[in-house]
Structures are given as C-alpha cells and as structure tokens.
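To start, the structure under review is shown below, and the notes come after it.
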Amino acid sequence: MATLHLEIVTPDRVVLDTRVRSVRLPGTMGSFGVLPNHAPLIASLTTGAIKVEHDNGDIEYIAASGGFADVRDNRVTVIADTAERSADIDLARVRAAIERAQAQLAEGGAEAYTQAQETLRRYMNRLKVAQQQEEEAARRH
Ligand code: ATP
C-alpha cells in the first residue's frame, strides 16, 4: 500500500516523524485530507485536530494550533505553533487553563477578551481531541 511520510514539528520539538496512509489537516480554509500522490500544496493551518491514519491502520488525533503544512513528493511537513499527541494531553492542565481564561474573560476589557478567546480555542481543542481519541478507542473494542 502506498504511504506518505508525515513530519509534525513545533518550535520545541519533533512531535511525529513516521509513515502514514493518510492525514487530515485543519486548514484555515477548511479541513482537508492528504492521500499518497497528492498534488504539491502549501496551506496555512488553524487550531484544530490533525487526524492521522498510521501505516498499520491505527487512527491517532493530534491537537494543533497555527502554522502551515507543506505537501510534496509524498511528504507532508507540518510546522505548527503547538501540537500534542492525544496521549500526551494533560487534561488537568487544560481544565486549570480553561478556568484561568474564563476568569480573564470575566475581568473584561477588549484586549483581554480577544486574548482569552484565542487561548480558550486552543484549550477546548485539546479537550475535543482527547475525546475524539477516546471515541476511536471505544469503536475499536
Ligand atoms: P498553560 O497555561 O496550561 O501553560 P499555555 O497557554 O501556556 O498553557 P500553549 O502556549 O498553548 O500553552 O503551549 C505551550 C506548550 O505547552 C506547548 O509546547 C504545548 O504543546 C504544551 N501544552 C500546553 N497545554 C498542554 C496540555 N494540556 N497537555 C500537554 N501539553 C500542553
């Protein structure tokens, strides 16, 4: 079966570097899928889930925010602002961060509001991705 090479990096680290069957990415113009032999493409990414279909058929979700993806020659390179594999998402940290952002929102101020909205989107995405992974595990059992 034809595969792609997927690399996901952030300013901190290499999050994933592996062969996959397909990947779905959260483009700013909408989410899009990449299969082997996809045409070359560069796309900017928004906060959302990256859905990876591994070489063995396993499905993995990754919470990502910002950056861009480069697709060429069966290689997909994602350079994201932040990215966490679902297994690495610390849910207690997400919940604490959501509470802090909500308090910031309650304090008011247009600037605080815009910033809190942005960070809340990132935190909620982490929760959603962890949930998607759980649902995937439940489907398999
Ligand atoms: P916090 O307020 O919880 O520290 P933050 O807003 O500082 O969150 P980000 O700026 O989104 O967090 O991310 C900073 C780094 O921490 C990134 O490398 C990101 O992957 C990682 N990270 C953030 N939240 C989590 C989490 N809940 N679980 C695992 N890694 C996380």
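The values are calculated or read from the model by the stated rules, or taken from the named source; none is laboratory data. Treat the numbers as computed from the prediction; the structure is a model and nothing was measured. Heads up: the accessible areas ignore ligands, DNA and RNA and are worked out on the full protein's heavy atoms, side chains in. Shrake-Rupley method; radii C 1.70, N 1.55, O 1.52, S 1.80 Å.
Centre-to-centre separation between the Cα atoms of region 56-80 and those of region 95-141: 21 Å.
Report the relative contact order of the chain, percent, no decimals, based on alpha-carbon pairs under 8 angstrom and at least 6 residues apart. Walk me through the intermediate numbers first.
On the way: 278 pairs, mean separation 30.0, N = 141.
Relative contact order, the chain: 21 percent.
Here the translational diffusion coefficient of the chain follows from Stokes-Einstein with Rh set to the Kirkwood radius across Cα pairs; for 4 °C and 1.567 mPa s it amounts to 82 µm²/s.
Keeping all protein chains in place, calculate the accessible area per residue for the chain (probe 1.4 angstrom), answer in Å². Write out the running numbers ahead of the final one.
Working: 8170 Å² over 141 residues.
With the other protein chains kept in place, the chain gives 58 Å² per residue.
Among the protein heavy atoms, those of E53 account for about 50 Å² of accessible surface (1.4 Å probe, every chain in place).
Note: region 4-87, Cα convex hull, 75 Å³ per residue.
The share of accessible area on region 4-87 that comes from carbon and sulfur is 50 percent, using a 1.4 angstrom probe.
Once both axes come from the Cα atoms, what is the angle between helix 91-107 and the longest principal axis of the chain, in degrees from 0 to 90, rounded to 10? Taking the Cα atoms of the chain, the angle to 91-107 is about 40 degrees.
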